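Trainee: First, the structure itself, so that you have it in front of you.
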Amino acid sequence: MDTQKYCYEYPRPALTTDCVIFGFDGIEINVLLIERGIAPFKGKWAFPGGFVRMDESTEEGAKRELFEETGIKDVFIEQLYTFSDVQRDPRGRVVTVAYFALVKTSDYQLLAGDDAMKAQWFKLKDVPSLAFDHDLVLRKAHNRLKSKIRYQPIGFELLDAKFTMPQLQLLYESILEIKFDRRNFSNKIMKTGLLIQLDEKVPNVPHRAPRYLMFNKKKYNELQSSGFNFEI
């Protein structure tokens, strides 16, 4: 048996992963950043990420780096895009596979570690200039989020099990960066048939207290299997 290791004729780029984690705090959309503790870009803010190990997939590497640098784990992440500009990393030829996720900020306690000096939530409007090409990564991720929330009800994952129509509208306005007419938004959402209106109102509200709603995930799964397309 030939045990000689195969040698590649051509040089190979290094492979990294980055995680864009969007969080909703009940009012605004935030994004999770780490302050880099090592060169290059020491002291600059960036997305959690790092080099992929030989024994793991890019998704496994992304989740590992996310946990090591922020303390966040058990998050469903979705592949966003592969960034491969030749000059994107001053250390050499590095290709990164970016992932993104949506979470409730209240569900996680940040704990910086590994190469990160600090982990912090930033409101989108307050994000500083980022290391590497992460400004481009953020724009790509935000545009994907804007598109995705229009045709999939992913926003409901960022709310409590019971929520109000004003809370739902605030979430969509925060992500899409637009204002909806209250009545039109409510009518359009209710016509989807995906919300259950509860016989319970928000307490301690003097005038016209809003009713609580719940997302009917079972109904959505049934409609989706028959070709239903959620649009807002």
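Trainee: Scan the range 129-139 for residues that are open to solvent by 30 Å² or more (accessible area, probe 1.4 Å) and within 23 Å of Phe67 (Cβ to Cβ) and report the count.
Mentor: 1
Trainee: Also, I was wondering about something else. Let me spell it out: the conditions are (1) over 14 Å from the mean Cα position of the chain (by Cα); (2) farther than 16 Å from Ala112 by Cα, and Asp74 meets all of them except one. Which number is the exception?
Mentor: (1)
Trainee: For the subset of the range 71-83 comprising residues that are farther than 22 Å from Ile149 by Cβ and at pLDDT 95 or above, which member is surrounded by the fewest Cβ atoms within 10 Å (Cβ to Cβ)?
Mentor: Thr82
Trainee: Sort out for me the strands (runs of 3 or more DSSP E) sitting completely within the range 1-112 that have 1 or more residues that are without any contact (Cβ under 8 Å) to a residue 60 or more places away in the chain.
Mentor: Passing ranges, in order: 49-51, 78-83.
Trainee: Output the number of residues of the range 161-184 satisfying the condition of being of a type outside the set (Val, Ile, Thr) and in contact (Cβ under 8 Å) with a residue 40 or more places away in the chain.
Mentor: The qualifying residues number 11.
Trainee: Name every residue in the range 124-139 that is modelled with pLDDT of 95 or more and not aliphatic (A, V, I, L, M), in order of residue number.
Mentor: Of everything in the range 124-139, those that are modelled with pLDDT of 95 or more and not aliphatic (A, V, I, L, M) turn out to be Asp126, Pro128, Ser129, Phe132, Asp133, His134, Asp135, Arg139.
Trainee: Do we find a residue being among the β-branched types (Val, Ile, Thr) and open to solvent by less than 20 Å² (accessible area, probe 1.4 Å) anywhere in the range 110-128?
Mentor: There is no residue in the range 110-128 that is among the β-branched types (Val, Ile, Thr) and open to solvent by less than 20 Å² (accessible area, probe 1.4 Å).
Trainee: Here is a further query. Could you tell me whether the range 34-52 includes any residue that is hydrophobic (A, V, I, L, M, F, W, C), more than 15 Å from the chain's Cα centre (by Cα), within 26 Å of Lys148 (Cα to Cα) and surrounded by fewer than 16 Cβ atoms within 10 Å (Cβ to Cβ)?
Mentor: no
Trainee: Any residue that is among the β-branched types (Val, Ile, Thr), at pLDDT 90 or above, under 30 Å from Ala209 (Cβ atoms) and within 15 Å of the chain's Cα centre (by Cα) - is there at least one of those in the range 99-122?
Mentor: Yes, the range 99-122 has at least one match.
Trainee: Same structure, new question: Only residues in the range 125-140 that are more than 12 Å from Asp85 (Cα to Cα) count as the first member; pair them with residues that are part of a helix (DSSP H, G or I) and open to solvent by less than 40 Å² (accessible area, probe 1.4 Å), Cβ under 7 angstrom, at least 6 apart or cross-chain, and list the lot.
Mentor: As it stands, the answer is Val127/Leu138; Leu130/Leu138, since those pairs meet every condition given.
Trainee: On the given criteria, is Thr82 over 23 Å from Glu35 (Cβ atoms) and β-branched (Val, Ile, Thr)?
Mentor: yes
Trainee: In the range 84-91, is there at least one residue being of a type in the set (Val, Ile, Thr) and either surrounded by 15 or more Cβ atoms within 10 Å (Cβ to Cβ) or touching a strand residue (DSSP E or B) at 6+ places or on another chain (Cβ under 6 Å) (or both)?
Mentor: no
The values are calculated or read from the model by the stated rules, or taken from the named source; none is laboratory data. Keep in mind the model is a prediction, meaning the values are calculated, not measured. Every residue, glycine among them, receives a Cβ derived from its backbone with ideal geometry; neighbour counts consider all protein chains shown. These accessible areas exclude ligands, DNA and RNA; they are computed on the full protein's heavy atoms, side chains included. Shrake-Rupley method; radii C 1.70, N 1.55, O 1.52, S 1.80 Å.
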